[in-house]
Structure formats: C-alpha cells, structure tokens
Number of protein chains: 2
Amino acid sequence: MPRDTLTREQIVKAAIDLLDEEGLEGMNMRALGKRLGSAATAVYWHVGSKDNLITLAGDEVWHQIALPDLATIDWRTAATQMATDLHAMLTRHSWLVQAFGSYMIFGPGKARHDDHGYAIYEAAGFTGAQVDQAAATVFTFVLGNALVPAAAASFTRKLGRDGGNAEALMHESMAKAHEIAAQFPRLRARLDTAAEYAAAPDNTFQFGLQAILDGLEAQLSAPSTPSEQNPRRADRHYHEPSATPLTTP
Amino acid sequence: MPRDTLTREQIVKAAIDLLDEEGLEGMNMRALGKRLGSAATAVYWHVGSKDNLITLAGDEVWHQIALPDLATIDWRTAATQMATDLHAMLTRHSWLVQAFGSYMIFGPGKARHDDHGYAIYEAAGFTGAQVDQAAATVFTFVLGNALVPAAAASFTRKLGRDGGNAEALMHESMAKAHEIAAQFPRLRARLDTAAEYAAAPDNTFQFGLQAILDGLEAQLSAPSTPSEQNPRRADRHYHEPSATPLTTP
DNA sequence: GTCCCACTTGAACACAGTGCAAGTCGCGAA
DNA sequence: TTCGCGACTTGCACTGTGTTCAAGTGGGAC
C-alpha cells in the first residue's frame, strides 16, 4: 500500500475549487497547501509552478461542456447548446476568463471542445477558412460576454478582502459610477430604468447569440465563392481604424 | 514657480506606456517610479493605490476611440467604425483586456464611448432593452476577440522574462500544442494548412463583425412587438445548460 | 534488514504592494 | 527677511507570495 500521497488530479481539482471560491487573485499556493492538508511547497513537485497549475485547471473545466450529437440535431441547435454550455461553464468558473487573458490555455479539454465546434460549423455548410471564422465569432462572443461578470465577481471579492464593510465600499463605488453616467444623456436615461432592468431576466446573452447565428446563416445562403472568404460586405463597410493614440507632449 | 512635481496625468500616461511595454503583470510601482524619476512611493500620494492607477489608465485609453457622426453616415458604417477602432485600441493596449477581467473599469472615457454606442443602435431603430442588447453583443464580441491575442502577448513576455532563450521555450510550447491538436481530426487537418493560414491576412474580426451586424439588421426588419425583446427565436433554440460540473469523489 | 527513491517539509530568498515617519521645498504671512 | 505651513517626496520596513533547496521520511524491492 503506497503512502497516502498527493496526486496531480487531486491537486488540480482542489485548485479549481479554490479558484471558484477565491478567484484568480485570491488563490495562492499556501492556501492550496492548507486545503490539501500538506505543505504549500509539496505541490511544486507535482505541477512544477503555479502558472502550470492554472493552465492545467484552466483546461480541465472544458470537459464539463457536452458535445451535442450532430447526427440527431441540426447545427444551429447544436451551436446554441454548446455556446450556452460554455457560457454556463464560464459563469461557474469566472476565473477562467481572467486566466484566458494571461495564460495560453490549450490542452486536451479545450482541444476536444474546439474540435467539436469546428464540426458544427462544417455541418452548417461552411468551408475553408470560414469554418474557423464562424467558430471564432461565436466563441469570442461567449468569451467576451463572460468578461464583465468576471470583473464584477473579482471586484466584489476584493472589497470583501479589504475592509469589513464591503457594503459601504460597494455603495460608494456605485454612486461614483452613477455620477459619471449622469453626465451622458443615454446613460442617464438608463439610470432611471435601472431598477426595471434589474428585475427582468437577463437574456442579453441569448439575444446576442441568436443574432450572431442569424448572421452566420445569412452568410451561408449568400452567393459567394466557396472555399474562400467573401469579402464583399466587409469591404463595403471597411474602415481604417482612426490612429488616435495619446499625444506625447 | 511651483516645484517640478508629479501630476496625476503624467503618472497615468507613464503607467499606460509601461503597461504597453511590460504588460499587466510586468508593470510594478518601482519600475513606474524609476520611469518617472522619483521614488515608487511618491506615486501613492497622487493615485492612492496600484488598483486605482490601473483603473485610471484603463479608462483613459477609451478617449482614443473616435465617435462617428451619425448625422452624416449610416448606423452600420458607424458601428463598424467604432468596433474597428475599439479593436485597434485593444490591440495597442492589450493589458486592458486583462484588466477588464479584474477591475471594474468605468470612468468618463468609457462612459463617453458607451453613450455613443447606444446612440448608434438607437439610430439603427432598436428600442428599449434591445438597444442595450445590440450594443452589448457587438461590444462583447470585440472584447472577446482581443482576449486571445492578449494572452499571446502576455505569454511571450513571460517567456522573455524567464530564461534568456525564449525562442526554445516558445518552440517547445508550440510542439506540445501540436501534439495535442494532432489527436483531434479537425484540429489535425488545420495543422497542415496552418502555414497557409498564417500567410493570409487575418480578417476573422471583420468577418465576425459583419456577420453580427447582419444578424442585428435582420432582427430590425423582423416583425416583433416594439419596446420589448423578441423571444421567439431564442425560445425555439432554447437550451438549458447541461449541468456537468466535476464529480467530487 | 537495508537501500533506494518517490515524495514531503521548513527555512529562506527575492520581489511586490504599501504604511509610516521623517524629510524637503516653495510660497504666503508676519 | 524670516517663519512656518502645507504640498509633496523619500527610505525604511513590514507583509504576503512564488519558488528554491537541502534535509528528511517512509514504504517497497531486493
């Protein structure tokens, strides 16, 4: 019988739990060690570094996403399902979105997800580079959608760690935001209806997702050279980004 | 004549420069102090904390985005222009995307941008909550789009800081990714055409943006109850996210 | 029994954010 | 002209965090 020893899987799982509870900046090796009932430095023997551990944890969670069977459902339902699952997963593990900005997360879990994503857009009828572009469009939308809630969660936790009265700090922060928003007509108008918005269920994600799938569907039925991008619309609206960096005095 | 002293604007500008060069994790107060020719702690008198400084810097850069005149151009061109400008800005300041996941960035700069964004989608004909949803869809897409390049930049810098031979480490990392990708049919197929892809200009962003605007345009012409969301399509494809968290043994 | 090796541990180092007390400098008042 | 005040600056030091390293430690193979 081997000694009761740490395993890599066990560590990754504990890291995910800790990240869920404390966020990316709240997770540290000593806390992880305590959670595992061992010295913080014992972890290093198994995963090498904190960066690597986060990369490992950041790949593991992709396995939570179900891969819809393209033989039994149409591509659009499949795309909706995968995007919705991804959205839910990113909501559960909001640290992942933050990690995505700092680490190159690509392992078996994400590869499995990406591969099936490509399958969906191939099934839809896209060809060549358009498969990648369609998949990337939906993927980046879901990712971006999770970014602001992630910031909110991170911010709330930070307030909680600082003083005991997170309530007051949050209120102060909200008040400052309101003050700024009040100086812009359309933002001001939204302040008045903010309560109404808060009461309604937030279907912004589904609205955006379905609009994007509408757009992709339109692209499919539009006559275009196969196996090559259709640059017509993009050209019609092409715009060279205004180069307005800060002036250095 | 007042003593040659630090100003908040000067500090924010220096912070932006430092963030551009060193990234979010490379930026620290002592380096900032050195760049400003003063002690690191002098900065604290002006901005209070590092978090606050990053919030300040993260708002300042939004002023680089031009606000198209809706009286002279159609909404779709305006939307394209603003999204493209934002994309370029986020590419210039890739740390901002990372900061967006950890800080609540909302100041005059972002408010100015958001306000004009709403104006565009109001001009397009959206009403009620749909204005917000349309704006959020495009916004989150652009944000998500900037996330992966931000990670790549961050990763590259990290390699550069670690050993001297960033080249070898990068190569090793790429090789590992290839090895994983090779186990999935569609990813494997893309490995073969990777060189071809790299040669072509990356118009993924414009493809996605135009597809999204197509979808929004379709939403406009679709018959729906005004001043209320149109839940029909979303309902037809509605999918309760699969709850498949990690099983705790 | 004993040797080995996978694994663990505690001390220690470097570096980053930041509070604090002690300056320093220019300007307005006396 | 001098005084002092208040706006800034500085160096020190404390804490928390990632990580290294040399020294264990315990179970299994021989």
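The values are calculated or read from the model by the stated rules, or taken from the named source; none is laboratory data. Computed from a predicted structure; not experimentally measured. FYI the Cβ positions are ideal-geometry reconstructions off the backbone, even for glycines, and counts take in every protein chain you see. Only protein heavy atoms, including side chains, enter the accessible area calculation; ligands, DNA and RNA are left aside. Shrake-Rupley method; radii C 1.70, N 1.55, O 1.52, S 1.80 Å.
Are any residues in the range B:50-69 assigned to a helix (DSSP H, G or I) and of a type in the set (Val, Ile, Thr), and if so, which ones? It would help to see each step written out before you state the result.
Initially, the range B:50-69 is screened for residues assigned to a helix (DSSP H, G or I), giving B:50-64.
Once the filter is applied, which keeps residues that are assigned to a helix (DSSP H, G or I) and of a type in the set (Val, Ile, Thr), the range B:50-69 yields B:54, B:55, B:61.
Here is a list: B:19, B:36, B:56, B:32. Which entry is open to solvent by less than 50 Å² (accessible area, probe 1.4 Å), within 16 Å of DNA strand D (Cβ to nearest atom), within 19 Å of the chain's Cα centre (by Cα) and not charged (D, E, K, R)? Quick ask: steps written out before the conclusion?
Details: B:19 fails: within 16 Å of DNA strand D (Cβ to nearest atom); B:36 fails: within 19 Å of the chain's Cα centre (by Cα); B:32 fails: within 19 Å of the chain's Cα centre (by Cα).
That would be B:56, the only listed residue that is open to solvent by less than 50 Å² (accessible area, probe 1.4 Å), within 16 Å of DNA strand D (Cβ to nearest atom), within 19 Å of the chain's Cα centre (by Cα) and not charged (D, E, K, R).
Within the range A:75-97, does at least one residue satisfy the condition of being of a type in the set (Ser, Thr, Tyr), open to solvent by 30 Å² or more (accessible area, probe 1.4 Å), modelled with pLDDT of 95 or more and not in a helix (DSSP H, G or I)? Steps first, answer last, please.
Taking the range A:75-97 and keeping what is of a type in the set (Ser, Thr, Tyr), we get A:77, A:80, A:84, A:91, A:94.
Restricting the remaining residues to those that are open to solvent by 30 Å² or more (accessible area, probe 1.4 Å) gives A:77, A:91.
This time we only want the ones that are modelled with pLDDT of 95 or more, so: A:77, A:91.
In the following step, the residues that additionally are not in a helix (DSSP H, G or I) were identified as none.
Looking through the range A:75-97, none of the residues is of a type in the set (Ser, Thr, Tyr), open to solvent by 30 Å² or more (accessible area, probe 1.4 Å), modelled with pLDDT of 95 or more and not in a helix (DSSP H, G or I).
What about residue B:218, is it at the interface with another protein chain (Cβ under 7 Å from one of its Cβ atoms) and in a helix (DSSP H, G or I)?
Considered against the rule, which asks whether it is at the interface with another protein chain (Cβ under 7 Å from one of its Cβ atoms) and in a helix (DSSP H, G or I), residue B:218 comes out as yes.
Residue A:53 fails exactly one of the following numbered conditions: (1) within 15 Å of DNA strand C (Cβ to nearest atom); (2) facing another protein chain (nearest Cβ under 9 Å). What is the number of that condition?
Residue A:53 satisfies all of (1) within 15 Å of DNA strand C (Cβ to nearest atom); (2) facing another protein chain (nearest Cβ under 9 Å) except (2).
With B:151, B:175, B:168 as the choices, which residue is within 7 Å of chain A (Cβ to nearest Cβ) and at pLDDT below 95?
Values: B:175 fails: within 7 Å of chain A (Cβ to nearest Cβ); B:168 fails: within 7 Å of chain A (Cβ to nearest Cβ).
The unique qualifying residue is B:151.
Which condition number in (1) open to solvent by 60 Å² or more (accessible area, probe 1.4 Å); (2) within 8 Å of DNA strand C (Cβ to nearest atom); (3) under 29 Å from residue A:103 (Cα atoms) is the one that residue B:27 fails?
For residue B:27, the exception is condition (1).
Name, by its number, the condition in (1) open to solvent by less than 40 Å² (accessible area, probe 1.4 Å); (2) assigned to a loop (DSSP other than H, G, I, E, B) that does not hold for residue B:106.
(1)
Hey, does the range A:121-134 have a residue that's more than 24 Å from residue B:180 (Cα to Cα), among the small types (Gly, Ala, Ser), facing chain B (nearest Cβ under 8 Å) and over 11 Å from the mean Cα position of the chain (by Cα)? Step through it out loud before you land on a result.
Our first condition is that a residue be more than 24 Å from residue B:180 (Cα to Cα); within the range A:121-134, this holds for A:124-126.
When the remaining residues are screened for being among the small types (Gly, Ala, Ser), the result is A:124-125.
Pick out the ones that are also facing chain B (nearest Cβ under 8 Å) and you get none.
No.
Could you please find all residues in the range A:1-38 being within 11 Å of residue A:53 (Cβ to Cβ) and of a type in the set (Val, Ile, Thr)?
Those that are within 11 Å of residue A:53 (Cβ to Cβ) and of a type in the set (Val, Ile, Thr): A:11, A:12, A:16.
Under 24 Å from residue A:137 (Cβ atoms) and either open to solvent by less than 50 Å² (accessible area, probe 1.4 Å) or at pLDDT below 95 (or both): which single residue out of A:43, A:61, A:47 fits that description?
Numbers: A:43 fails: under 24 Å from residue A:137 (Cβ atoms); A:47 fails: under 24 Å from residue A:137 (Cβ atoms).
Of the residues listed, the single one that is under 24 Å from residue A:137 (Cβ atoms) and either open to solvent by less than 50 Å² (accessible area, probe 1.4 Å) or at pLDDT below 95 (or both) is A:61.
Between residues in the range A:4-31 that are within 11 Å of another protein chain (Cβ to nearest Cβ) and touching a residue at least 12 places away in the same chain (Cβ under 8 Å) and residues that are open to solvent by less than 10 Å² (accessible area, probe 1.4 Å) and within 15 Å of DNA strand C (Cβ to nearest atom), which pairs lie under 6 Å by C-beta distance while being six or more apart or on different chains?
Every condition considered, the pairs that remain are A:23/A:154.
Read through the list (1) away from DNA strand D (no atom under 16 Å from the Cβ); (2) surrounded by fewer than 22 Cβ atoms within 10 Å (Cβ to Cβ); (3) among the polar types (S, T, N, Q); (4) not in a loop (DSSP other than H, G, I, E, B), then give the number of the only condition that residue A:72 fails.
Result: residue A:72 passes all but (4).
Is it the case that some residue within the range B:144-154 is surrounded by 16 or more Cβ atoms within 10 Å (Cβ to Cβ), farther than 27 Å from residue B:81 by Cβ and under 26 Å from the mean Cα position of the chain (by Cα)?
yes
Answer with yes or no whether residue A:11 is over 30 Å from residue A:217 (Cβ atoms) and surrounded by 20 or more Cβ atoms within 10 Å (Cβ to Cβ).
Values: over 30 Å from residue A:217 (Cβ atoms): yes; surrounded by 20 or more Cβ atoms within 10 Å (Cβ to Cβ): yes.
Judged against the criteria, residue A:11 is a match.
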